[in-house]
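Notes follow once the structure below has been shown.
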Amino acid sequence: MKTCQVCGSLDTQDPCAICTDASRDGALICVVEEVGALWAMERASAFRGRYHVLGGLLSALDGVGPDALRISPLVARATESEVSEVIMALPATVDGQTTAHYLAERLSNAGVSVTMLARGVPVGGELDWLDDGTITQAVRARRPA
């Protein structure tokens, strides 16, 4: 196995099969914490762009700062003329949200749209079994029916 020098994924080739797949939309970069999250996105077959694996999340308590993550390569990729949107697919945790906000700030001058995955009620979810944070986020992220 090799680490892809472009996106940070694992594959038998470098660059990886996703980065070299011409059928993928090069205008979209989906940012994930670790390779496992990339594989989960691929299993769902809902995303046909490219990825960027950060290699962790910012965490003041654990001493993980920006230099420990693959942030500079992400900023460099986002400034390429082909890229128009960077999608944050990071966990809905304090560290995940802190990282997403930091990245949005770093990408503010890159000329790309920065978005986040929607959060809220899962398909098949019942409101009486959901936690307060999930319900609150679902209400805030509501959209027309």
**Q.** Lys/Arg +1, Asp/Glu -1 at C-beta; the stretch 2-120 dipole; positive extreme among I87, L103, Q5
**A.** I87
Q) Over what distance in Å are the Cα centres of the stretch 95-124 and the stretch 1-80 separated? A) 14
Q: Could you order peptides 127-135, 87-95 by the average number of other Cβ atoms within 10 Å of their residues, highest first?
A: 87-95, 127-135
Q) Tell me, in nm to one decimal, what length is gained between T115 and L10 on full extension, where the rule is 0.36 nm per residue of separation less the Cα-Cα distance? A) 35.3 nm
Q. Using r as the Cβ-Cβ distance of R142 and A40, and R0 as 25 Å, what FRET efficiency do you calculate, to the nearest 0.05?
A. 0.50
Q | Relative contact order [Cα under 8 Å, 6+ residues apart], the chain, whole percent | A | 18
Q | Rg(Cα) / (2.2 N^0.38 Å) computed for the chain, rounded to two decimals | A | 1.10
Q: Could you list the trypsin sites (Lys or Arg not before Pro) in the stretch 13-48 that lie in coil according to DSSP, counting only those with at most 14 other Cβ atoms within 10 Å of their Cβ?
A: R48
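All of the numbers you see were taken from the coordinates with simple rules; none came from a lab. Given the structure is predicted, the values throughout are model-derived calculations rather than measurements. Counting neighbours? That spans all protein chains shown, and the Cβs are built from the backbone with ideal geometry, glycine included.
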